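Here the structure is laid out as structure tokens; the discussion comes afterwards.
The values are calculated or read from the model by the stated rules, or taken from the named source; none is laboratory data. All values derive from a computational prediction rather than experimental measurement. Cβ placement follows ideal geometry from the backbone for every residue including glycine, while neighbour counts extend to all protein chains displayed.
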Amino acid sequence: MRTSLKLALALAATMAVAYGIARTTPYWFAPRQTAQVDIHDPALIAQGQYLSRAADCAACHTAPGGKPFAGGLGMQTPMGTLYSTNITPDPDTGIGAYDYADFERAVRRGIRHDGQPLYPAMPYASYVIASDAEIKALYAYFMGSVQPVKQDNADSTIPWPANMRWPLAWWQLLFARPRTFNPDPSLDASQQRGAELVEGLAHCGACHTPRGLAFQEKAMADDGSRQFLSGSVLEGWYAKNLRNESTGLASWSEHEIVDFLRTGRTDRSAAFGGMADVVEHSTQYLSDADLLAMARYLKQLPAREGRSAQWSPGTDTTTAALRSGDYRVAGSLAYAEHCQACHRADGRGMPSVYPALAGNSIVFADDPSSLVQVTLIGGRTPHTAHDRMAFTMPGFEQLPNAQLAQILTFIRSSWGNQASAVSEVDVARMRRVVRDKPVHYVPQEATR
């Protein structure tokens, strides 16, 4: 008993010392950035609204069916569900009691009003490069324009001891240290602006960069490792490779990237899943200059070595077979029954309506997660001011795993696509991911 007690006390003391050391780093004790911000300045508020859209604050801090910025969106993690917090200026349940210094520490350093570290689901590791002027504009917008909502924050379902926050101080010390944006002098002004957005407020890497064992992004910028924006899986979706290579954006023009970010669709592709939310809440509102800057920056990202083309349109024998009623290839008959009406016998869909499957980098991606999930649950293109009509794809979860695997394998190996097979195990695994998706927190009693 005494030995156990001593061990427990020693462990508690070690944890306390570790937390204390982490909090005594310059990162935690950096001077509070006090500033006078006119939260009633219309120009500053308008700038803050634009920046909040660039940062896509609404997508995470607004639950489906909930009030804007009141939180409650459930986010799946390997350890449990996190719920986004209320960031309206309600003084009791939101951030209404935050002064500018509190706000700056939360956004750029990941430190709550009470001094506790925030979970890295909040992309402060990217927001850290935002300028003082941008943080002031954001503060003016949230405090001076967003409607306060009285809605308590939901507790995470992460069990003890994984839910203790003190280790996050060490995580921040290792992976979210203070830094500034350092533009690459080899890029022109437009590409530098694109880099600033992609690496910073737009936090593209939070989804599109692979993560390490500690859930840290393996690269926060194009540092030569070519890990940055090379694709990653998050909540069962494969956030595609954005580098200039075959499984990424090599076949996309700058104009196509701009159209995709503005409307959520191109002549051959469409946004779905989390990316549809990004377009709907964020990128559709960005200026043409900023969208082009992002596109130009992405197009100059070099390909990783050893990446070969995974689409060879000259080898297409599928179109003729489907048009002649030749269904000898496994999965082809099921494709004709369930998919061909929209995506066509030639796999090219209908421009800006039904996305192409032929030559679509999501289809022949190394990781088929997104293809499997959207086939199971369906999808919807985003509503935007640029194209009011949204199109919906039904889900096919009623089909057995074996048949779905055959259909998807057929798609990934037809019309010149050259990708590995999808197995029944892949489909079964994705069914579990879909089944375990969290229920969002939207209390009926939330009030403005």
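Determine which member of the set 154, 133 is under 28 Å from residue 181 (Cα atoms) and not in a strand (DSSP E or B).
133
Hey, any hits in segment 165-184 for a residue that's among the small types (Gly, Ala, Ser) and farther than 20 Å from residue 107 by Cβ?
No, there is no match, as no residue in segment 165-184 is among the small types (Gly, Ala, Ser) and farther than 20 Å from residue 107 by Cβ.
When segment 242-269 is examined, which residues are found to be crowded, with 19+ Cβ neighbours inside 10 Å, touching a residue at least 40 places away in the same chain (Cβ under 8 Å) and outside any loop (DSSP other than H, G, I, E, B)?
257, 262, 263, 265
Could we say that residue 337 is farther than 30 Å from residue 56 by Cβ and not in a loop (DSSP other than H, G, I, E, B) here?
yes
Within segment 320-331, is even one residue assigned to a loop (DSSP other than H, G, I, E, B) and touching a Pro at 6+ places or on another chain (Cβ under 9 Å)? Even if it seems obvious, please write down each step before you answer.
If we filter segment 320-331 for residues that are assigned to a loop (DSSP other than H, G, I, E, B), which is where we start, we get 324-331.
Checking which are touching a Pro at 6+ places or on another chain (Cβ under 9 Å) leaves us with none.
Checked segment 320-331: no residue is assigned to a loop (DSSP other than H, G, I, E, B) and touching a Pro at 6+ places or on another chain (Cβ under 9 Å).
Residue check: is residue 154 over 20 Å from the mean Cα position of the chain (by Cα), in the same structural domain as residue 37 (by TED's automatic domain parsing) and surrounded by fewer than 16 Cβ atoms within 10 Å (Cβ to Cβ)?
Taking the combined requirement at face value, the residue does not satisfy it.
Pick from segment 227-241 the residues that are among the aliphatic types (A, V, I, L, M) and under 24 Å from residue 437 (Cα atoms): which of them is surrounded by the most Cβ atoms within 10 Å (Cβ to Cβ)? Full working, then the answer.
Residues of segment 227-241 among the aliphatic types (A, V, I, L, M): 229, 233-234, 239.
When the remaining residues are screened for being under 24 Å from residue 437 (Cα atoms), the result is 233-234, 239.
Details: 233: 15, 234: 17, 239: 25.
Among them, the one singled out is 239.
Whether any residue in segment 326-347 is within 27 Å of residue 258 (Cβ to Cβ), crowded, with 20+ Cβ neighbours inside 10 Å and either touching a strand residue (DSSP E or B) at 6+ places or on another chain (Cβ under 9 Å) or of a type in the set (Val, Ile, Thr) (or both) is what I want to check. First the steps, then the outcome.
Here is the first cut: in segment 326-347, the residues within 27 Å of residue 258 (Cβ to Cβ) are 342-344, 346-347.
So of that shortlist, the ones also crowded, with 20+ Cβ neighbours inside 10 Å come out as 343, 347.
Next cut, either touching a strand residue (DSSP E or B) at 6+ places or on another chain (Cβ under 9 Å) or of a type in the set (Val, Ile, Thr) (or both) only: 343, 347.
Taking every residue of segment 326-347 in turn, at least one turns out to be within 27 Å of residue 258 (Cβ to Cβ), crowded, with 20+ Cβ neighbours inside 10 Å and either touching a strand residue (DSSP E or B) at 6+ places or on another chain (Cβ under 9 Å) or of a type in the set (Val, Ile, Thr) (or both).
Check segment 300-313 and report whether any residue there is modelled with pLDDT of 90 or more and either in a helix (DSSP H, G or I) or over 30 Å from residue 55 (Cβ atoms) (or both).
no
Of the residues that sit in segment 420-432 and are out of contact with any Leu (no Cβ under 9 Å at 6 or more places or on another chain) and among the aliphatic types (A, V, I, L, M), which one is surrounded by the fewest Cβ atoms within 10 Å (Cβ to Cβ)? Even if it seems obvious, please write down each step before you answer.
Step one: filter segment 420-432 for residues out of contact with any Leu (no Cβ under 9 Å at 6 or more places or on another chain), giving 420, 423, 425, 428-429, 432.
Keeping just the survivors that are among the aliphatic types (A, V, I, L, M) gives 425, 428.
Numbers: 425: 10, 428: 13.
Applying the filter and picking the extreme gives 425.
Would you be able to say whether some residue in segment 195-211 is in a loop (DSSP other than H, G, I, E, B), modelled with pLDDT of 95 or more and surrounded by fewer than 19 Cβ atoms within 10 Å (Cβ to Cβ)?
yes
Does segment 74-111 hold any residues that are over 17 Å from residue 60 (Cα atoms) and touching a His at 6+ places or on another chain (Cβ under 7 Å), and which are they?
Once the filter is applied, which keeps residues that are over 17 Å from residue 60 (Cα atoms) and touching a His at 6+ places or on another chain (Cβ under 7 Å), segment 74-111 yields 97, 98, 102.
Limited to segment 427-443, what total is found for residues that are among the hydrophobic types (A, V, I, L, M, F, W, C) and out of contact with any helix residue (DSSP H, G or I) (no Cβ under 9 Å at 6 or more places or on another chain)?
Looking only at that region, the number is 2.
Could you list all residues from segment 390-438 that are in a loop (DSSP other than H, G, I, E, B), touching a residue at least 60 places away in the same chain (Cβ under 8 Å) and of a type in the set (Phe, Trp, Tyr)?
Result: 391, 415.
What are the residues in segment 306-325 that are surrounded by fewer than 16 Cβ atoms within 10 Å (Cβ to Cβ) and in contact (Cβ under 8 Å) with a residue 12 or more places away in the chain, if any?
Answer for segment 306-325, where residues must be surrounded by fewer than 16 Cβ atoms within 10 Å (Cβ to Cβ) and in contact (Cβ under 8 Å) with a residue 12 or more places away in the chain: 308, 309, 312, 313, 314, 315, 323.
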